[in-house]
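First comes the structure, then the notes that go with it.
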Amino acid sequence: TACSSKYVLSQMHPMWQGPLVVPGGDRQSPIDIAVRKTVFDSELKPLVATYDPQTCQQIWNNGYSFLVEYDDTTDKNTLKGGPLQDKFRLCQFHFHWGESNDWGSEHTVDRRLFPAELHLVHWNSDRYTLFEEAVMEENGLAVIGVFLKVGKRHEGLQKLVDALPAIRHKDSIVEFNRFDPGCLLPANINDYWTYHGSLTTPPLTESVSWIIMKQHIEVSHDQLAVFRSLLFTSAEEVQKSMVNNFRVQQPIRGRTVRSSFT
Ligand SMILES: NS(=O)(=O)c1ccc(C(=O)NCC(=O)NCCc2c[nH]cn2)cc1
Ligand SMILES: [Cu+2]
Ligand SMILES: [Zn+2]
């Protein structure tokens with residue numbers, strides 16, 4: 001496993017990440033999960049994720065990543081339990097990845113980097129009526145993070161991979177239906193780490209209950225290579241490959257990462 005010391009990532013950070021550290025921000029993401037410093041919390045409940053593939057709407061390149069967006073005007077795609085007090089609605093999922101298989105994830109486990117990380121973004125529909133409201137509130141969002149490793153081909157991911165050439169440039173969008181986000185979750189979703197943090201791209205708001213899965217999923221080298229064929233740039237601009245779209249890690253600032261397993 002590649003450790004981050006082998007790859008001292010350049011401190012130069014593309015402006016898309018926004019400032020390296022948000023002034024006054026003491027709950028920023030991503031972070032390293034130092035396993036021996038995590039605290040087992042027996043009160044953490046099993047996670048209950050219920051998703052309806054029919055509510056999948058579009059896939060688009062927003063210039064940071066590619067997003068698969070769901071109809072979140074009803075309670076068809078919900079997440080509850082785990083560390084959450086309320087019911088949350090899936091709004092979108094997206095990934096972060098590197099230019100090579102040696103790095104790409106935003107979170108790390110004992111400094112171990114993964115080639116990519118999936119984020120399933122949910123907002124608190126018990127307390128708010130719109131994502132845009134929830135994104136500003138401390139208990140507004142819940143994001144499930146799943147690490148990707150290079151190995152066998154992920155059959156469920158292929159439908160998504162096949163749609164990527166159509167959204168190569170920034171701001172391109174295509175209709176995308178009947179995709180079950182549940183197929184991207186690991187077999188066991190009850191072993192996770194959880195902590196309070198932020199969005200990892202602007203607006204970087206400290207409104208996220210992070211739920212990072214202990215178990216990774218596997219995708220093939222070729223599937224990941226298609227992610228890297230996307231562009232940060234729009235059709236008129238000089239082409240820049242969409243790679244290394246992860247934020248540098250942020251100070252833990254005394255936060256505790258809880259684990260649902262011993
Ligand atoms: N990397 S990360 O921390 O997980 C993350 C970073 C930024 C955003 C964000 O800014 N997200 C806007 C957005 O997703 N807006 C959708 C609006 C919407 C509502 N309903 C359907 N789409 C979401 C997640
Ligand atoms: Cu900068
Ligand atoms: Zn993300």
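The values are calculated or read from the model by the stated rules, or taken from the named source; none is laboratory data. Note that this is a predicted model, so its numbers are computed, not measured. Cβ placement follows ideal geometry from the backbone for every residue including glycine, while neighbour counts extend to all protein chains displayed. Please note that ligands, DNA and RNA were not included when accessible areas were found on the heavy atoms of the full protein model with its side chains. Shrake-Rupley method; radii C 1.70, N 1.55, O 1.52, S 1.80 Å.
Filter region 107-119 down to the residues that are part of a strand (DSSP E or B) and touching a Gly at 6+ places or on another chain (Cβ under 8 Å), then identify the one that is farthest from Ser241 (Cα to Cα). Spell out the reasoning first.
Of the residues in region 107-119, the ones part of a strand (DSSP E or B) are 108-109, 112, 116-119.
From what is left, the residues that are touching a Gly at 6+ places or on another chain (Cβ under 8 Å) are 116-119.
On the way: Ala116: 15, Glu117: 18, Leu118: 19, His119: 20 Å.
Filtering region 107-119 for residues that are part of a strand (DSSP E or B) and touching a Gly at 6+ places or on another chain (Cβ under 8 Å), the one farthest from Ser241 (Cα to Cα) comes out as His119.
What's the number of the only condition in (1) open to solvent by less than 20 Å² (accessible area, probe 1.4 Å); (2) of a type outside the set (D, E, K, R); (3) in contact (Cβ under 8 Å) with a residue 40 or more places away in the chain that Val174 fails to meet?
If we test Val174 against (1) open to solvent by less than 20 Å² (accessible area, probe 1.4 Å); (2) of a type outside the set (D, E, K, R); (3) in contact (Cβ under 8 Å) with a residue 40 or more places away in the chain, just (1) comes out false.
Would you point out which residue out of Ser42, Ser10 is loosely packed, with under 10 Cβ neighbours inside 10 Å, modelled with pLDDT of 95 or more, away from ligand 3 (no atom under 16 Å from the Cβ) and of a type in the set (Gly, Ala, Ser)? Steps first, please.
Details: Ser10 fails: modelled with pLDDT of 95 or more.
So the residue among Ser42, Ser10 that is loosely packed, with under 10 Cβ neighbours inside 10 Å, modelled with pLDDT of 95 or more, away from ligand 3 (no atom under 16 Å from the Cβ) and of a type in the set (Gly, Ala, Ser) is Ser42.
Those residues that are open to solvent by 40 Å² or more (accessible area, probe 1.4 Å), closer than 23 Å to Asn101 by Cα and touching a helix residue (DSSP H, G or I) at 6+ places or on another chain (Cβ under 9 Å), I need them from region 113-150; list them, please.
Passing the criteria: only Val150.
Determine if region 219-241 includes at least one residue that is within 16 Å of ligand 2 (Cβ to nearest atom) and more than 15 Å from Leu67 (Cα to Cα). Give the derivation first.
Just the residues of region 219-241 that are within 16 Å of ligand 2 (Cβ to nearest atom), to begin with: 232, 240.
Checking which are more than 15 Å from Leu67 (Cα to Cα) leaves us with 240.
Yes, region 219-241 has at least one match.
In region 19-31, is there at least one residue being under 17 Å from Cys183 (Cβ atoms) and either open to solvent by less than 10 Å² (accessible area, probe 1.4 Å) or out of contact with any strand residue (DSSP E or B) (no Cβ under 9 Å at 6 or more places or on another chain) (or both)?
Scanning region 19-31 turns up no residue that is under 17 Å from Cys183 (Cβ atoms) and either open to solvent by less than 10 Å² (accessible area, probe 1.4 Å) or out of contact with any strand residue (DSSP E or B) (no Cβ under 9 Å at 6 or more places or on another chain) (or both).
Picking from Asp52, Asp71, Asp86, which residue would you name as being more than 16 Å from ligand 2 (Cβ to nearest atom), more than 24 Å from Arg253 (Cα to Cα) and in contact with an Asp or Glu (Cβ under 6 Å, 6 or more places away or on another chain)? Spell out the reasoning first.
On the way: Asp52 fails: in contact with an Asp or Glu (Cβ under 6 Å, 6 or more places away or on another chain); Asp71 fails: in contact with an Asp or Glu (Cβ under 6 Å, 6 or more places away or on another chain).
The conditions single out Asp86.
Among the residues of region 75-106, what is the count of those that are more than 17 Å from Leu47 (Cβ to Cβ) and outside any strand (DSSP E or B)?
Of the residues in that region, 10 qualify.
Answer yes or no as to whether Tyr64 is within 16 Å of ligand 2 (Cβ to nearest atom) and either over 21 Å from Ser259 (Cα atoms) or part of a strand (DSSP E or B) (or both).
Numbers: within 16 Å of ligand 2 (Cβ to nearest atom): yes; either over 21 Å from Ser259 (Cα atoms) or part of a strand (DSSP E or B) (or both): yes.
Spelling it out, Tyr64 is indeed within 16 Å of ligand 2 (Cβ to nearest atom) and either over 21 Å from Ser259 (Cα atoms) or part of a strand (DSSP E or B) (or both).
Return the residue satisfying two criteria in turn: it lies in region 62-103 and is away from ligand 1 (no atom under 13 Å from the Cβ) and open to solvent by less than 10 Å² (accessible area, probe 1.4 Å), and of such residues it is farthest from Gly145 (Cα to Cα). Spell out the reasoning first.
Start the filter on region 62-103 by keeping residues that are away from ligand 1 (no atom under 13 Å from the Cβ), which leaves 75, 78-87, 98-103.
Remaining after also requiring open to solvent by less than 10 Å² (accessible area, probe 1.4 Å): 79, 82, 98.
Values: Leu79: 13, Gly82: 14, Gly98: 16 Å.
Across region 62-103, the extreme among qualifying residues is Gly98.
Return the total of residues in region 177-199 being polar (S, T, N, Q) and open to solvent by 10 Å² or more (accessible area, probe 1.4 Å). Quick ask: steps written out before the conclusion?
Initial filter on region 177-199 (polar (S, T, N, Q)): 177, 188, 190, 194, 198.
Next, only the ones that are open to solvent by 10 Å² or more (accessible area, probe 1.4 Å) stay: 177, 188, 190.
Total meeting the criteria: 3.
Is it true that Gln58 is open to solvent by 50 Å² or more (accessible area, probe 1.4 Å) and either closer than 21 Å to Val208 by Cα or assigned to a strand (DSSP E or B) (or both)?
Numbers: open to solvent by 50 Å² or more (accessible area, probe 1.4 Å): no; either closer than 21 Å to Val208 by Cα or assigned to a strand (DSSP E or B) (or both): yes.
So Gln58 does not fit the description; no.
Hey, could you check region 211-262 for residues that are among the β-branched types (Val, Ile, Thr) and not in a loop (DSSP other than H, G, I, E, B) and say which is most open to solvent (accessible area, probe 1.4 Å)? Quick ask: steps written out before the conclusion?
Of region 211-262, the ones among the β-branched types (Val, Ile, Thr) are 211-212, 217, 219, 226, 233, 238, 243, 248, 252, 256-257, 262.
Those still in the list that are not in a loop (DSSP other than H, G, I, E, B) too: 211-212, 217, 219, 226.
Working: Ile211: 0, Ile212: 1, Ile217: 11, Val219: 1, Val226: 38 Å².
Here the answer is Val226.
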